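Heads up: the structure comes next, in structure tokens.
The values are calculated or read from the model by the stated rules, or taken from the named source; none is laboratory data. Here the structure is a predicted model, which is why all the values come from computation and not from measurement. With ideal geometry, Cβ positions are generated from the backbone for all residues, glycine too; neighbour counts draw on all protein chains shown.
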Amino acid sequence: MERWFGVSLSEYRLIKSGKKRLRLTTPEALEFGVKDVVRGVYLAKKAPYGYIISIEGSYLIGRCAERHVVELAFDQFRIWMRGEDLEVDLPERGIYLIRHGRAFAGSGYYNGKILQNLIPKSRTVEP
């Protein structure tokens, strides 16, 4: 996260949740000694090309991210929230956080031509 987005998460703790998922939590929540309690906010899921950042994770990371954040115009943002891909020109391939103003909308994978929408279909809106 620090290397790609330029964000320090030193005040938080990353914990594994299952085989491929990461959650973000505080040190105090880790000390809470109840078994079988899900702690933290779902942050990301491991993919072959990096970590797919959740909508909630994009807000937590994106507020402080120094790089790999795409600012969309309102019309582009509406298209994105419908679950569609966007044709854009970005500096390098990889995962990008998506935002419009103060609103964050998960992440996308840029393959060199298309910004592929990684929002689960259940989280998109109807046209």
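Taking the residues in the stretch 63-86 that are without any contact (Cβ under 8 Å) to a residue 40 or more places away in the chain and of a type in the set (Asp, Glu) as candidates, determine which candidate is farthest from Ile53 (Cα to Cα).
Per the stated criteria, the residue is Asp75.
Between Gly106, Gly62, Gly94, which is in contact with a Phe, Trp or Tyr (Cβ under 7 Å, 6 or more places away or on another chain) and crowded, with 17+ Cβ neighbours inside 10 Å?
Just a single option satisfies the conditions, and that option is Gly62.
Among the residues of the stretch 1-54, count how many are of a type in the set (A, V, I, L, M, F, W, C), farther than 23 Å from Asn117 by Cβ and not in a loop (DSSP other than H, G, I, E, B).
So in the stretch 1-54, the residues of a type in the set (A, V, I, L, M, F, W, C) come out as 1, 4-5, 7, 9, 14-15, 22, 24, 29-30, 32, 34, 37-38, 41, 43-44, 47, 52-53.
Filter again for farther than 23 Å from Asn117 by Cβ, leaving 9, 14-15, 29-30, 32, 34, 37-38.
Then keep just the ones that are not in a loop (DSSP other than H, G, I, E, B); that gives 14-15, 29-30.
Here the count works out to 4.
Matching residues to (1) farther than 19 Å from Ala103 by Cα; (2) at pLDDT 95 or above:
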residue	(1), (2)
Arg13	yes, no
Leu24	yes, no
Tyr59	no, yes
Arg63	no, no
Leu72	no, yes
Asp89	yes, yes
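Identify the single condition in (1) without any contact (Cβ under 8 Å) to a residue 60 or more places away in the chain; (2) of a type in the set (Asp, Glu); (3) more than 21 Å from Thr124 (Cβ to Cβ) that Glu56 does not satisfy, given that it satisfies every other one.
Condition not satisfied by Glu56: (3).
Kindly indicate whether Ala65 is of a type in the set (Gly, Ala, Ser), assigned to a loop (DSSP other than H, G, I, E, B) and either within 13 Å of the chain's Cα centre (by Cα) or under 19 Å from Lys121 (Cβ atoms) (or both).
yes
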